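The values are calculated or read from the model by the stated rules, or taken from the named source; none is laboratory data. All values derive from a computational prediction rather than experimental measurement. We place every Cβ from the backbone using ideal geometry, glycine too, and count neighbours over all the protein chains shown.
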C-alpha cells in the first residue's frame, strides 16, 4: 500500500493566485493596515527576536538575499531578489517567497508567495513609521519613483495617515500615467509633476522609491525644507542611495536594524558612528521621534526580516477564515521516523 501523507506532512501554501484573492477579499488598504499592526506589535517586542543582517549574494545584475529571524517560538525567512535591469527585460525587479516554521520541531507551518506580500509589507512599514515620525496633520505626499511600489505606498499612507494629496514624479512619464490610472477614483487628488523639485513643493511627506542600483541624488539639499518627513525606501543595498549627504546631516535619522542599514541604507554615506535612532525604541517610548515642527525626520528604510515575519504571521492568521490556500505535501514523515528508506520502498506500490 502506497503511504499516505500524514497531517504533519501537509504545509499550507499561499500561491500568487490565492494571495490576490486574499488581498481582494480583505481590501488592499485594509490588509496593509492589518499588516502594519502586526509589524508594530513585533517592533514593540524587538528584544525577543534573533536579528541578523540579510545574507546577500551580489552580482553585477543585482542581488539575491535570504532574510531570517525567529522569536523563539516561530522561525521565518524570506528569499528575495533585487534586479533593477529586470524591468527592461519585462521581468519584475523584485520577486520573493517566504516560510514560517515551528522552532520546537523545525516543521514548516506556512509557505507563501511574497512578491505581492513584500509590496504590501513595505508600504505598511513606511506608513507605520510615518505615523510616529511625520508632522501632525500631514495631508500631502510627494512620491518620487512611480514603479511597482508606488500605489501601495499611496494607499497605505491614505489609510493609516489620512494623506489625500499625492504629487507624482518619475523619469519615465509612462510610469506616472500608470499610477494616475490605477489610483483614479480612490479618493486621492493626483498631480503629475515634471520634476522632483516640482513634486516636493508643498509636501509634508516625501517618499523616494527608485530602482537604479547606483549612488544617485534623487533629492538635493535645497529641495528639502524644514519640518518634512522623508520616507527613503529606494536605497536598499550597498552602493545604492537616493539622498544627498547634506540632507542626512540636517535630519534626525531613524532605522530598523543599524548593522544592516549602515551597509545598505542612506547612512552608508556617513561615518560609521553617526547617530541614528532605532524605530523600535520610538515605538516603545525609549526614544523620541518627532520633537518639533521644524525637525526633518528621515526613515532610512531598507526592509528587515521581522517585517516579513510579521506579514507572514498576518497571512497565516487569515487562512482559516478565508480558505485562500492549498495544502502541499512537503515533509517526508514516515510512521517510524527511523524508516525513511522503507517509506520510499513502499511507495513503489
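State all residues of segment 219-243 that are over 18 Å from the mean Cα position of the chain (by Cα) and over 15 Å from residue 205 (Cβ atoms); if no residue qualifies, say none. The answer is 220, 221, 222, 239.
Is one or more of the residues making up segment 199-206 in the same structural domain as residue 131 (by TED's automatic domain parsing), buried (at least 23 other Cβ atoms within 10 Å of the Cβ), modelled with pLDDT under 95 and touching a helix residue (DSSP H, G or I) at 6+ places or on another chain (Cβ under 7 Å)? Taking every residue of segment 199-206 in turn, none turns out to be in the same structural domain as residue 131 (by TED's automatic domain parsing), buried (at least 23 other Cβ atoms within 10 Å of the Cβ), modelled with pLDDT under 95 and touching a helix residue (DSSP H, G or I) at 6+ places or on another chain (Cβ under 7 Å).
In the set 90, 72, only one residue is more than 12 Å from residue 312 (Cα to Cα), surrounded by fewer than 21 Cβ atoms within 10 Å (Cβ to Cβ) and touching a helix residue (DSSP H, G or I) at 6+ places or on another chain (Cβ under 7 Å); that residue is 72. Among the residues making up segment 303-339, those that are surrounded by fewer than 12 Cβ atoms within 10 Å (Cβ to Cβ) and farther than 16 Å from residue 12 by Cα are 335, 336, 337, 338. Could you run through segment 177-198 and say how many residues are buried (at least 18 other Cβ atoms within 10 Å of the Cβ), within 21 Å of the chain's Cα centre (by Cα) and over 25 Å from residue 237 (Cβ atoms)? Total satisfying the criteria: 1. The residue that is surrounded by the most Cβ atoms within 10 Å (Cβ to Cβ), counting only those in segment 5-36 that are more than 21 Å from residue 109 (Cα to Cα) and without any contact (Cβ under 8 Å) to a residue 24 or more places away in the chain, is 27. Checked against the criterion of being surrounded by fewer than 24 Cβ atoms within 10 Å (Cβ to Cβ), at pLDDT 95 or above and not assigned by TED's automatic domain parsing to the domain that holds residue 76, segment 123-132 contains one or more residues that satisfy it. Only residues that are without any contact (Cβ under 8 Å) to a residue 60 or more places away in the chain and in contact with a strand residue (DSSP E or B) (Cβ under 6 Å, 6 or more places away or on another chain) were counted across segment 103-131, and they come to 1.
Here segment 96-122 is the region considered, the condition is being surrounded by fewer than 18 Cβ atoms within 10 Å (Cβ to Cβ) and in a loop (DSSP other than H, G, I, E, B), and the residue that is nearest to the chain's Cα centre (by Cα) is 103. Condition check: surrounded by 18 or more Cβ atoms within 10 Å (Cβ to Cβ) and not in a loop (DSSP other than H, G, I, E, B). Does residue 64 satisfy that? In short, no. Only strands (runs of 3 or more DSSP E) whose full extent lies in segment 161-267 are considered here, and the ones with at least 1 residues that are closer than 27 Å to residue 283 by Cβ and touching a residue at least 24 places away in the same chain (Cβ under 8 Å) are 165-169, 205-208, 215-219, 229-232, 241-243, 252-255. Looking for something without any contact (Cβ under 8 Å) to a residue 40 or more places away in the chain, on the phi < 0 side of the Ramachandran plot and under 15 Å from the mean Cα position of the chain (by Cα) - is there at least one such residue anywhere in segment 41-57? Scanning segment 41-57, I find no residue that is without any contact (Cβ under 8 Å) to a residue 40 or more places away in the chain, on the phi < 0 side of the Ramachandran plot and under 15 Å from the mean Cα position of the chain (by Cα), so the answer is no. Among the conditions (1) assigned to a helix (DSSP H, G or I); (2) under 24 Å from residue 50 (Cβ atoms); (3) assigned by TED's automatic domain parsing to the domain that holds residue 56, residue 81 misses just one, which is (1).
For the condition in contact with a strand residue (DSSP E or B) (Cβ under 9 Å, 6 or more places away or on another chain), at pLDDT 95 or above and buried (at least 18 other Cβ atoms within 10 Å of the Cβ), residue 51 does not qualify. Say we look at segment 303-340 and pick out the residues that are touching a strand residue (DSSP E or B) at 6+ places or on another chain (Cβ under 8 Å) and in a loop (DSSP other than H, G, I, E, B); which of these is nearest to residue 26 (Cα to Cα)? The residue in question is 324.
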